[in-house]
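To keep things clear, I will list the structure first and then write my remarks on it.
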Amino acid sequence: MHRTLTALLALTIASTGLTLATVPAVAAGELVKLRLNQAIDKLPVASETRRGYEREKFVHWVDGDGDCQDTRDEVLAAESLVKVTGCDIQRGKWRSYYDGATTRSSTGFDIDHLVPLAEAWDSGAKRWNEPTRQRFANDLNDSRSLVAVTASSNRSKSDRDPSEWMPALGKCVYIRQWVAVKIRWRLKVNRPEKQALRARAADCANSTIQVRRAVVVLAPRPRAAAAARVVVVVAVGTQASTRDSATAMRQRQPATGGTTEAETPSTPGTPTATATGSSASEPRQSPDPRSTITATRPRR
Ligand SMILES: [Ca+2]
Ligand SMILES: [Ca+2]
């Protein structure tokens, strides 16, 4: 439904000369409450591609509130088991729930993006505008988005999802946090990821996840808008001059000579491609789970 509305919106925008940048992609702030298994079932499935990813596209460790602590220091301060002070947090007490290690020096700890930047890119962030990517990379509004863990466990994890990597400890916490962050940022999952989440969740309590959705704004898509304009032109029967519209016109008009074979969409007798693979066989995500979540994270 959301995609259908988005497509209709794109057509409208194309015909009126506006750009998608002027239109918020989704409403913000819905509070989502779902039991773990239901939340996993509702995660939309899509194949993933890393094309175009650069870590620099996610500006991170900013000092969003100008209090001298950047995002890393903010998380260290929030998760320290003892009181800490200063701008550059070096001393405190932290426990890495991935492996149980504790430390009083922050130098051996990383702040992990629970859903890694690259995995987020693969699963939806590639369509976001830059401010949205920055807010994701510095998300202090949900304690599940960023966690202080040992650098060794963070680097072992790298950019992998739960089908590829799980922490040694805290597996159920990790699964719940992963699902919450995916919902919060309206990210999708690929098929192996959903299967892994279901399998892991079978060993966990099916308790309620509550999370508030973040504001997600998509980047303008000029090529999509241009394609939509072509569709509009064809629909009203205007002389088409682009390649796409010419192709559409060929399907409506008899060939007047010259080569036509290349224009034939399929060879007679050739079986029509059978829908296979993830997108065809995956269950459609109906009333999508983009319904709610605000995770007010009680920081420790
Ligand atoms: Ca700050
Ligand atoms: Ca994935």
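On the given criteria, is Val215 part of a loop (DSSP other than H, G, I, E, B) and more than 16 Å from ligand 2 (Cβ to nearest atom)?
yes
Select from the range 70-88 the residues that are β-branched (Val, Ile, Thr) and within 11 Å of ligand 1 (Cβ to nearest atom) and write down the one among them that is surrounded by the most Cβ atoms within 10 Å (Cβ to Cβ).
Among those that are β-branched (Val, Ile, Thr) and within 11 Å of ligand 1 (Cβ to nearest atom), it is Val75.
Kindly provide the set of residues from the range 50-71 that are within 25 Å of Gln90 (Cα to Cα) and outside any loop (DSSP other than H, G, I, E, B), ordered by number.
Of everything in the range 50-71, just one residue is within 25 Å of Gln90 (Cα to Cα) and outside any loop (DSSP other than H, G, I, E, B), namely Thr71.
Please go through the range 131-148 and pick out each residue that is part of a helix (DSSP H, G or I), of a type outside the set (A, V, I, L, M, F, W, C) and either in contact with a helix residue (DSSP H, G or I) (Cβ under 7 Å, 6 or more places away or on another chain) or at pLDDT below 95 (or both).
Answer for the range 131-148, where residues must be part of a helix (DSSP H, G or I), of a type outside the set (A, V, I, L, M, F, W, C) and either in contact with a helix residue (DSSP H, G or I) (Cβ under 7 Å, 6 or more places away or on another chain) or at pLDDT below 95 (or both): just Arg133.
Select from the range 113-130 the residues that are outside any loop (DSSP other than H, G, I, E, B), under 13 Å from Val216 (Cβ atoms) and out of contact with any strand residue (DSSP E or B) (no Cβ under 9 Å at 6 or more places or on another chain) and list them in ascending order.
If the condition is that a residue be outside any loop (DSSP other than H, G, I, E, B), under 13 Å from Val216 (Cβ atoms) and out of contact with any strand residue (DSSP E or B) (no Cβ under 9 Å at 6 or more places or on another chain), then Ala125, Lys126, Glu130 are the ones that fit.
Quick one: in the range 168-209, which of the residues that are in contact with a strand residue (DSSP E or B) (Cβ under 8 Å, 6 or more places away or on another chain) and charged (D, E, K, R) is farthest from Glu119 (Cα to Cα)?
Checked the range 168-209; the qualifying residue farthest from Glu119 (Cα to Cα) is Arg176.
What tally of residues in the range 39-69 results from selecting those that are within 15 Å of ligand 1 (Cβ to nearest atom) and either β-branched (Val, Ile, Thr) or buried (at least 19 other Cβ atoms within 10 Å of the Cβ) (or both)?
4
Within the range 160-180, work out how many residues are within 13 Å of ligand 2 (Cβ to nearest atom) and touching a Phe, Trp or Tyr at 6+ places or on another chain (Cβ under 9 Å).
Qualifying residue count for the region: 2.
Among the residues of the range 27-49, is there at least one that is outside any strand (DSSP E or B), at pLDDT 95 or above and more than 27 Å from Val217 (Cα to Cα)?
Checked the range 27-49: at least one residue is outside any strand (DSSP E or B), at pLDDT 95 or above and more than 27 Å from Val217 (Cα to Cα).
Only one residue in Arg212, Arg223, Arg191, Arg176 is modelled with pLDDT of 95 or more and closer than 20 Å to Lys126 by Cα. Which one?
Testing whether each residue is modelled with pLDDT of 95 or more and closer than 20 Å to Lys126 by Cα leaves just Arg191.
The values are calculated or read from the model by the stated rules, or taken from the named source; none is laboratory data. No experiment lies behind these values; they were computed from the predicted model shown. All Cβ positions, glycine included, derive from the backbone under ideal geometry; neighbour counts span all protein chains shown.
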